[in-house]
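Heads up: the structure comes next, in structure tokens.
The values are calculated or read from the model by the stated rules, or taken from the named source; none is laboratory data. Model, not experiment: these values are computed from the prediction. Glycine also receives a Cβ, built like all others from the backbone with ideal geometry; neighbour counts cover every protein chain displayed. These area figures cover heavy atoms from the full protein model, side chains too; ligands, DNA and RNA do not enter into them. Shrake-Rupley method; radii C 1.70, N 1.55, O 1.52, S 1.80 Å.
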Amino acid sequence: MRTQDPGFWEDAKRAEAQMRKVKDLRKWIELYDEVRSAAEELRLAYEYVKEGIVSEEEVDEAYGRAIHREEELEFRNMLRGEADPMSCVLKINSGAGGTESQDWASMLLRMYQRWAENNGYKVTIANYQEGDEAGIKTVTLNIEGDYAYGYLKSENGVHRLVRVSPYNAQGKRMTSFASVFVTPLVDDTIEVKVDPAAISWDTFRSGGAGGQNVNKVESGVRLRYRFKDPYTGEEEEILIENTETRDQPKNRENAMRQLRSILYDKELRHRMAERAKVEAGKKKIEWGSQIRSYVFDDRRVKDHRTNYQTSDVNGVMDGDIDGFIKAYLMEFGGEENEGK
């Protein structure tokens, strides 16, 4: 076995990548064994019911377990993308509309924090900018754990809120927007080309989330990167701010990690676009378009890509978004994975 080789850990990056593959393969084997075991249990139950050893209700229960295990395996099969096993960076920006949109952005922040906590992921706030009166203008989260990107890539796009606003004196129904961007959080084992000459830095004083204890030292960092698309020649500036810690070198390191994540994500999206051109007959996944509406008064949250919807608005805002994630992956996951 390669991992037992005395020289295996001499190249730490290569060893880590190999161990991740081993861990992933073990998970596939475990899932397969669970499906096989459930299918065998169902077969025996079917035989025993004819002999009166088990009841029809027990056969139905065995059938339900077998179907559940098979669906779990099929769902996991939708997470075979190169970046799917990675942690992720999730950024929320409030849209036009002032306080109402900024409040909506803070509600989405809470929703994703709850989802991450419920699923055992580690969440850290890399950058946080408060709204003018309430809510937030923008926030960047690092969500760390297996398959965080694979699950949360379904959240990429514009999220629309419709409600009677507490900030409107006339009690009118208002529509607000916030955008969510999700990119893989790459580590040192992923090769990403960064041009040092295209980087410039600024520093600034930073306060924590909620505005407590304004920092008297310029520990906040602002990274500007002049990106030139290698495929189209188009140029753009990538701007990243990091106020995660009171340690400026650490914040620089975190900002560079986010930059590498963004550049890696751009390459992934280029590959997806190229496959979409070849497979023109297939349904195209639109990144950055309006993806979901949260209509509070009508007790309805609906995803416009899959048509999956629920009336449990409170549950969704408390982080119960697994139904939306599963519906997205079951419809689009196979398309993203083809050609790999």
Within the range 109-204, report the trypsin sites (Lys or Arg not before Pro) that DSSP leaves as loop and that have at most 14 other Cβ atoms within 10 Å. Lys172, Lys193
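Can you tell me the relative contact order of the chain? Whole percent, Cα pairs under 8 Å, sequence separation 6 or more.
Values: 555 pairs, mean separation 57.8, N = 340.
It rounds to 17 percent for the chain.
Relative to the Cα centre, what is the charge dipole magnitude of the chain, using +1 at the beta carbon of each Lys and Arg, -1 at the beta carbon of each Asp and Glu, and rounding to the nearest 20 debye?
Numbers: 52 positive and 63 negative charges, 264 e Å.
That gives the chain a dipole magnitude of about 1260 debye.
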Heavy-atom accessible area of the chain with neighbours in place, 1.4 angstrom probe: carbon+sulfur share in percent works out to 48
Projecting the Cα atoms of Met107, Ser219, Val313 onto the charge dipole of the chain, where Lys and Arg contribute +1 and Asp and Glu -1 at Cβ, the residue farthest towards the positive end is Ser219
Using per-residue counts of other Cβ atoms within 10 Å, averaged over each peptide, order 27-36, 295-304, 194-203 from highest down. 295-304, 27-36, 194-203
Karplus-derived 3J(HN,Hα), 6.51/-1.76/1.60, for each residue of the range 315-320, Hz, glycine and proline x: x, 4, 5, 8, x, 7
So for the pair Glu253, Val192, with labels modelled 7 Å out along Cα→Cβ, what separation do we get in nm? 1.6
Give me the extension gain from Ile53 to Asn118: residue separation times 0.36 nm, minus the current Cα-Cα distance, reported in nm with one decimal. 19.4 nm
So if I take the centroid of the Cα atoms in the range 139-184 and the same for the range 288-333, what is the distance between those two points in Å? 11
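Compute, for the range 118-165, the length of the dipole vector about the Cα centre, with Cβ point charges of +1 (Lys, Arg) and -1 (Asp, Glu) only. Units Debye, rounded to 20. Walk me through the intermediate numbers first.
Numbers: 5 positive and 6 negative charges, 38 e Å.
Using only the charged Cβ atoms, the result is roughly 180 debye.
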Kyte-Doolittle at least -1.0, axis length at least 20 Å by Cα - qualifying DSSP helices, the chain: 12-50
Distance-filtered residues of the range 55-82 - backbone nitrogen under 20 Å, label point 7 angstrom along Trp28 Cα→Cβ: 69-82
